[in-house]
Structure formats: C-alpha cells, structure tokens
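One structure below.
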Amino acid sequence: MDLGPYLLLAALEGLTSAAVLALTAAGLSLVFGVMRVVNVAHGEFFMLGAVIAWFVTAHVGGPPWLGFLLALALSPLVVGAIAAAADRLVLKRLNYDPEATIVATIGLLYLLQQAALSFYGPDARPVPAPFDWRVRFPWFGYSGYKLFVIAAAGALLCGLWLLMARTRFGLVMRATQYDPRTAQAFGIDTDRVYAGVFALGAGLAAAAAVLIAPISQAHYLMGGDPLLLSFVVVIIGGLGSLRGTLAAALLIGVGEGMVSVFFSPTLAKILATLAVALVLVFRPEGLFGARAR
Amino acid sequence: MTKIPVPGTLSRRGLLRGMAAGGGLIAGAGAFPRFVQAQSSAPYRLGFQVHRTGIGATYGRWYERTVNAALEVLNAGGGINGRPVELVFEDDATDPKRGAEVFEKLVTRHGCDLVFGALFSHVVVGTAPRAQELKVPYLVCSEGHHVASGALNRWTLQPGITDVKSQVQAMAPWVSANLGKKVTMIYPDYAFGYDHRDNFTAAMAAQGGEVIAALGIPPTETSFTRYLPRIPKETEVIYHVMVGPAVLTFVKELGEFYSGGDHPAIFGFIDSLEGVDVASPGLEFLEGTHFWEGQCRDLQEDATPVETFYREAVGVDAKGAAIEDPRNISTYSHMFSTWETLFALKTAMEAAQYGGREDGEALVEAFEAMSEMPYSNEHPQGDKIFNGRTHQAFGVQNISKIEDGRLVRVHTTTIEDGLYPDEVDYTTRPF
C-alpha cells in the first residue's frame, strides 16, 4: 500500500483507539483527582459496561440502533450505581486511605471479574453495531462505525467538560478536589460528592466499553488492557488533569496506531511503557499535572 | 490411601453398607454383566484438563461435552477391561501455570490414572514436564507439532488428532494448484502460529509456491485492521489461522478492509471461526472462500452412519450447533479428538492389561505399539495411523468451501499426503 493511504489508515485506527482511551482514562483521572483513590478496578467497570451492553442488545428486539442506544444509556447508569455502592460499602469505610483503597480495589477487580465469569460466562459474545455502513476509500474499506465511535467519544468528552466547568455539580466537585475540609465547612456533603465522582468515573469507562463492544465483542477478561493503557495515559498526562489526560490519550492512541501500522504493535507497547518511565523520572507530576502544593 | 477394614473392626453400619453394595452389584449384574467379570470392578479414574475459562473456553465447553458423550458410549459398551470409567474435570483457565497445577491435582488429590484433554499449545508445553516428573501418561488433544517434534517427553502422546505440520503439508498442494502461488500468512504470534508459518512455508516452497509475507499477531490482540495494510498487493492467497476470543473481530475486519472491491483468494483454517456461525453478520464476504476442516461442521450430503451416530451422541445439529441452542456453535474440527483419545486409551489400556498407576510405563509402551485406528464409531473423524516413535496420530483432512452460508466439502486428503519423516524416536528415551 502507498504511503498516503497507509498514513490515513494508521491515523483512523489511532484516533479510534485514542477516543475510547480518552474516555476510559478520563474516568480514572477524575476519580484520582477528586478522591485521591487509585482505582485498580477501573478496567472491570469497563468490562461490565460491555457485558451489560451485550445483555441489553441481546434482550431488546427491534432494529440494532435501538438496542445500542438503550445500552449506551443504561450501561453507564448500572455500572455507575454499582460503583456508588462500592464507594459507600467499601471505600468510605476505609476513610479513602490511599494504600487501603488500592488493596480494596484490587479485591473489587477480582469480585467483578469472577461475577462476570459466573453470570455471563467465559465466552466472547458479539454486540451488534447500531448500523452497518462501510466507508469505501479507493485503497481500502473502513468501518463507518469506527468513525462514529470517534465522534461519540468526542461528544461525551465535551459533555464531561461542560459538566465540570459549567454546572453546580462540577463546581462542588472542584471545590472538594481543591480542599475537602473547607468544602465540608461550607456545607458540601463530600460523601455524596465522592460517591457521585466514583460513579461518574465508572460510568465513563462503561460508556467507552459500550462504544468499543461492537468492534471487539464483550469478554470477561477484556478489562486488563484498558486499565493498563489508562494508567499509562494518566501518568503521562498528569493524575487528575483532564486536559493532560486528553492530550496523552491522543499521543498514545495515535502514536500507537502509527507505530503499530508501520512497525509492530509490540514495539508500540514498548514505546508507550518507555514513555511512562521517562515521564516518571523527569516529570513525575505528568506533562500537564500541577506540581504538588 | 484406601482404608482396609481390619477383621473384627467392621461396624454394623459398614456391614450394612457392604451388604447393600453387594446386593446392588448382584442386582446390577443383569444390566452390566461385563463389569462384574473383571478382576476389579473399581472404576478407572481419568483426569481431564479442560479449558473451562480463559481464552480457550469455547473449545473447553465442547471438549467437555464431547468427551462426556464418548464416556457414555464407552461405559454402555462395558468400559475398559470390563471396568467402568469415571472422568474428573479440572479447569486450567487456559493458563500454562495453572495447567501444571491442575495436572498434579488430578493425579495426587483425585488419584487419576492419567490425564488428557488439553488443547492450547502453551498449556500443553507448560504441563508436559510435570507428566514426566510424576511419571503419569499425558494425552493431549492439541494439534501442536510439539509432540512429534521431540520437544516433549516419553509420557506425552497425541493419539486423537493430526498435528499442524501434517495438516498444512496436506493442504499446500491443493492451495497452490487451485488458489494461487503467492501467499500471505496471518497467524497467532506464538508456538501454534509458528507451526503453521514454518511448515506451510516449507510445504508451499516444495510446490513451487511462495509465502511472500508472514504477519504474526499477538494472541491477546483485539484489533486487527492495522495489520492488514501489510498484506502485499501481489498476494494471490490470504492464509489465515487465528485463535482466541477475538477471532470473529479478525474475520470481520478483514471483510471491512476489502469491502472496497476485489480481494485475493482466501484460505483459512476453521480455527479462525471455531464456535462462530459462518453466516454471522459481517462475514458475507467469506462466501466462496475455502477452509481447512478437521471434520465437516455442516452435515454433508454423503454423511455416513458413523457421522450421524457421533453427531447425535454429542448432540450437534446439521449446522454444527448444539441441538438445544442453535446459537451455540461447536468446535467441530477439534472436539472429536477427545472422543478418539478416549477410545484410543481403551485400546491401549486393554492391550497393556492396565491395572493401576504402576502400569503407566506399560500403557505408554502399548500406545507405542499401536498403528492403525480405522474409521469407526470409535474414530469418527476418519482413518488414522499412530506413529509409536513420534507419539503422533495422522489422519485425513478436509477442505470446504462456503456456499450459501454452508461449509461444503470439496476435497479430502489422504493420510499419505500428511506424512513426513520422523523427527524423534521417543521409544529410545528413558521414562
């Protein structure tokens, strides 16, 4: 294939993975930013999102887009509710102690994964795409659905930014992030904020998974890769910085797409990990993170 | 350890239990006359290492179902050496480390005479050393060339399924004569995929063909489009063989990539679509393409009574799906290996007059003395010969074409097409 089309394909692939990655990592970053909790179970919320998408699409009749839209609406809600419950039942009782919550979320990871194995089974199951439309470039065909994923993830991220910057909930969240004690003194119920943020973070992962499920199917072990890549993105972008997360997701997603197409996906993973190491050594707060106060 | 009651210590309850068991045996004698005549009527316990979870779960589910069906047929026919047979299943999570642990558990905790059933080559390679350490026979149903290549040990045998080297060698002449000479291979980037790459490359070269590009894809990959531009333009045949949960994604993305127009001829190993309906949405482009099949998933027009017997026993419909659920597609080209392995075991255990674990070496030697396994209810995939030196079975292979969403057989190879010179003589190796 000639260089031009080759680049086009690499860019499209990169943008698709960057879009999904940005959504997933934004959830992880938000939870850390506000709650200072390193959520190791984040990948399992992602997996649950895809599994619930399968349940919804498999049990709703009618055209595929209907089931898909329902899944896109329901799945983040259900996963968010599970996350809020986990926050109330587990994290709150640990007083959000950083070390204890890491161990607790590792436990949560196994609980969710094994629950999916028990109730959903070990098979990868396909989730139908909402529409079957293919873009026919002169050199290769491309799934129109992947273009939709890029657009939808972009729209969701814009929504997240509006929520953070323009709503009362966003204001309360930022206040809690800045200084929980003062926020409490001003009458903010930080417990509710924490539960809301944990639910929002998990919901973002679930939404990303609903978008990717028609491409990569739903499987109980699918949470590992997004978790790892989200950590890579969040570390490079700076923990708690949404802008940094977005920039790092684009860098990692598109960079990985390019390197995978031209060289090999294994090399792309090696480079991403190397980038994490370099950032940790030379700029531990991340490219966009604020230095510790 | 078994408890042997010391005379005089038999309790009343124990006595009653013994009488009840004896009565049961006498009552049951009419139904199972052959079991009672054996020296010991205690059942043989055979361990089955099953990929119930992990990336091999689809195969595991069908391996378990098939071997259970075979067990029913076996026990209804009098078991082995007149003794009934029990299977003990343990899930290895398709993980090599767990595989070795499970092997040990089956042998030491459950007291199994031997272990069989593993498919994924990394599990087999990870488990085989434990078989040697514990000196317990290990019968694999994996297709991998690692048995016949001499990489494993004297306790490891593959009597139920042909290895990849033989399969691809038998495919190459047909592919080069009917589809094209310039081949691009797409395969999983680990041992199983290398068996395909190395042996098919050599086999094509022998036919005057050439593998012009080889794309290894990590087995955990979930997205494939980015590999596809590396398929050279002059490719005449795409040869694909993929495994794991993402196979459907792979084939779909191949279809998307070529949706702009013409595509090269496509020859796949059905592994790329085991457990998947070939008529799934997005797979329309496969119409007219060819697949290797170990055993034809769709019931063919000339199906023999053996084929219908086997299909009915396992509970598979004419489309290759579970009779109770048409969406549950079988792994038809691989699962026969568990059935055939169990019956090969029967032959070998009877030849060795196998009594217990102490006869393990005799059992391996009995296998090594075996040669022909003719097409029958016991060997429903087809005629096979077993090479005792390389511990490997060789059988016929099929090539099917997708016509109207059905896999229709267009060619069957002979056993001779797949034979190659021995690479090892396990009979000279110590136990």
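The values are calculated or read from the model by the stated rules, or taken from the named source; none is laboratory data. Being a predicted model, the structure only gives us computed values, none of them experimental. Backbone-built Cβ (ideal geometry, glycine too); neighbour counts: all protein chains shown.
Listed residues A:A195, A:A152; which is under 15 Å from A:G27 (Cα atoms) and buried (at least 18 other Cβ atoms within 10 Å of the Cβ)? Reasoning before the result, please.
Numbers: A:A152 fails: under 15 Å from A:G27 (Cα atoms).
So the residue among A:A195, A:A152 that is under 15 Å from A:G27 (Cα atoms) and buried (at least 18 other Cβ atoms within 10 Å of the Cβ) is A:A195.
Applying the criterion of being more than 13 Å from chain A (Cβ to nearest Cβ), crowded, with 18+ Cβ neighbours inside 10 Å and touching a strand residue (DSSP E or B) at 6+ places or on another chain (Cβ under 6 Å) to the residues of segment B:263-277, the residue that is modelled with the lowest pLDDT is B:S272.
Checked against (1) within 14 Å of chain B (Cβ to nearest Cβ); (2) surrounded by 16 or more Cβ atoms within 10 Å (Cβ to Cβ); (3) outside any loop (DSSP other than H, G, I, E, B), A:L72 passes all but condition (1). Checking each residue in segment A:256-284 for being more than 12 Å from chain B (Cβ to nearest Cβ), surrounded by 15 or more Cβ atoms within 10 Å (Cβ to Cβ) and of a type in the set (V, I, T) picks out A:V276, A:V279. Only one of the numbered conditions (1) surrounded by fewer than 18 Cβ atoms within 10 Å (Cβ to Cβ); (2) modelled with pLDDT of 85 or more; (3) of a type outside the set (S, T, Y) is violated by B:F192, and that is (1).
Is it true that B:G160 is more than 30 Å from A:V259 (Cα to Cα), at pLDDT below 95 and more than 14 Å from chain A (Cβ to nearest Cβ)?
For B:G160, the condition - more than 30 Å from A:V259 (Cα to Cα), at pLDDT below 95 and more than 14 Å from chain A (Cβ to nearest Cβ) - is not met.
When A:V20, A:V51 are checked against the criterion of being under 10 Å from the mean Cα position of the chain (by Cα), among the β-branched types (V, I, T), assigned to a helix (DSSP H, G or I) and buried (at least 24 other Cβ atoms within 10 Å of the Cβ), a single residue qualifies: A:V20.
In this entry, A:E285 is excluded by the filter for residues that are assigned to a helix (DSSP H, G or I), farther than 22 Å from A:L160 by Cα, modelled with pLDDT of 80 or more and touching a Gly at 6+ places or on another chain (Cβ under 8 Å). Selection of first residues in segment B:150-161 that are under 13 Å from B:F336 (Cα atoms) and of second residues that are among the aliphatic types (A, V, I, L, M) and in a strand (DSSP E or B), restricted to Cβ pairs under 6 Å at least 6 apart or on distinct chains, gives the following pairs, ordered by first then second residue: B:P159/B:A393. Evaluation of B:W155 against the conditions (1) crowded, with 21+ Cβ neighbours inside 10 Å; (2) of a type in the set (F, W, Y); (3) more than 24 Å from B:N387 (Cα to Cα) shows that the sole unmet condition is (3).
Candidates in segment B:208-262 are the residues that are more than 30 Å from A:G224 (Cβ to Cβ) and within 10 Å of chain A (Cβ to nearest Cβ); of these, the one that is modelled with the lowest pLDDT is B:G260.
Per-residue answers, yes or no, for (1) surrounded by 21 or more Cβ atoms within 10 Å (Cβ to Cβ); (2) over 32 Å from the mean Cα position of the chain (by Cα); (3) at pLDDT 95 or above:
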{"residue": "B:R13", "(1), (2), (3)": "no, yes, no"}
{"residue": "B:L16", "(1), (2), (3)": "no, yes, no"}
{"residue": "B:M19", "(1), (2), (3)": "no, yes, no"}
{"residue": "B:G28", "(1), (2), (3)": "no, yes, no"}
{"residue": "B:F32", "(1), (2), (3)": "no, no, no"}
{"residue": "B:Q39", "(1), (2), (3)": "no, yes, no"}
{"residue": "B:Y44", "(1), (2), (3)": "yes, no, yes"}
{"residue": "B:A70", "(1), (2), (3)": "yes, no, yes"}
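Filtering B:T108, B:T127 for residues that are on the phi < 0 side of the Ramachandran plot and under 17 Å from the mean Cα position of the chain (by Cα) leaves a single hit, B:T127. The single residue among A:A50, A:A86 that is among the hydrophobic types (A, V, I, L, M, F, W, C), under 16 Å from A:L204 (Cβ atoms) and out of contact with any strand residue (DSSP E or B) (no Cβ under 6 Å at 6 or more places or on another chain) turns out to be A:A86. Restricting attention to segment B:46-59, the residues being out of contact with any helix residue (DSSP H, G or I) (no Cβ under 7 Å at 6 or more places or on another chain) and more than 8 Å from every other protein chain (Cβ to nearest Cβ) number 2.
Residues of segment B:173-189 that are without any contact (Cβ under 8 Å) to a residue 40 or more places away in the chain and either surrounded by 24 or more Cβ atoms within 10 Å (Cβ to Cβ) or of a type in the set (D, E) (or both): B:D189 alone.
Of all residue pairs spaced 6 or more apart or on separate chains, those with beta-carbon atoms under 6 Å, a first member in segment A:199-221 that is under 19 Å from A:F231 (Cβ atoms) and a second member that is among the polar types (S, T, N, Q) are A:A205/A:T24; A:A206/A:S75; A:A208/A:T24. Segment B:344-431 holds strands (runs of 3 or more DSSP E) entirely within its bounds, and those carrying 2 or more residues that are more than 30 Å from B:F285 (Cα to Cα) map to B:384-387, B:392-395.
Meeting the requirement of 1 or more residues that are out of contact with any Gly (no Cβ under 9 Å at 6 or more places or on another chain), the strands (runs of 3 or more DSSP E) wholly within segment B:232-317 are B:265-269, B:290-293. Could you tell me which residue of segment A:234-255 is farthest from A:L30 (Cα to Cα), considering only residues that are of a type in the set (G, A, S) and within 14 Å of chain B (Cβ to nearest Cβ)? Here the residue is A:G255. Mind checking which residues of segment B:122-136 are buried (at least 24 other Cβ atoms within 10 Å of the Cβ) and touching a residue at least 60 places away in the same chain (Cβ under 8 Å)? B:V123, B:T127, listed by residue number. When B:I186 is tested against (1) within 12 Å of another protein chain (Cβ to nearest Cβ); (2) at pLDDT 90 or above, only condition (1) is not met.
Residues of segment B:197-231 that are under 25 Å from A:G223 (Cβ atoms) and in a loop (DSSP other than H, G, I, E, B): B:P218, B:P219, B:T220, B:E221, B:T222, B:S223, B:F224. Residue-level analysis places A:A84 outside the set of residues that are without any contact (Cβ under 8 Å) to a residue 24 or more places away in the chain and assigned to a helix (DSSP H, G or I).
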